[in-house]
Amino acid sequence: MDIFLSKTIRHYRKLAGISQEVLAQKAGLTKDHIGLIERGKLTNPTLKTAFYLAKALGIKVQDLVNEKAA
């Protein structure tokens, strides 16, 4: 995962007005996992993870990788 994707996830999470903990619960991930993703420390997330995050944020997976979306 590059810096852009980590910033995009943070952007959509804040736009939704939810914490990392709430996003983690909605996506079926841990808060630590969300933190690693948002800080760009997790460099190889799975497509499944991206799908769960997008679903939890109410967006499409494409929105996570489209630079014009954020």
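The values are calculated or read from the model by the stated rules, or taken from the named source; none is laboratory data. None of the values given here were measured: they were computed from a predicted structure. Protein only, heavy atoms only, side chains kept; ligands, DNA and RNA dropped before computing areas. Shrake-Rupley method; radii C 1.70, N 1.55, O 1.52, S 1.80 Å.
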- Note on the structure: Share of accessible surface on carbon and sulfur in the chain, whole %, 1.4 Å probe and ligands ignored, is 53 percent
- Query: Using the heavy atoms of the protein chains alone and a 1.4 angstrom probe, what is the accessible area of the chain per residue in square angstrom?
  - Reply: 65 Å²
- Item | Stretch gain in nm, segment Asn66-Ile3, where the contour uses 0.36 nm per residue and the Cα spacing is subtracted | 21.4 nm
- Here are several values of volume of the Cα convex hull per residue in Å³: (1) 117; (2) 80; (3) 68. Which one was derived from the coordinates shown? (3)
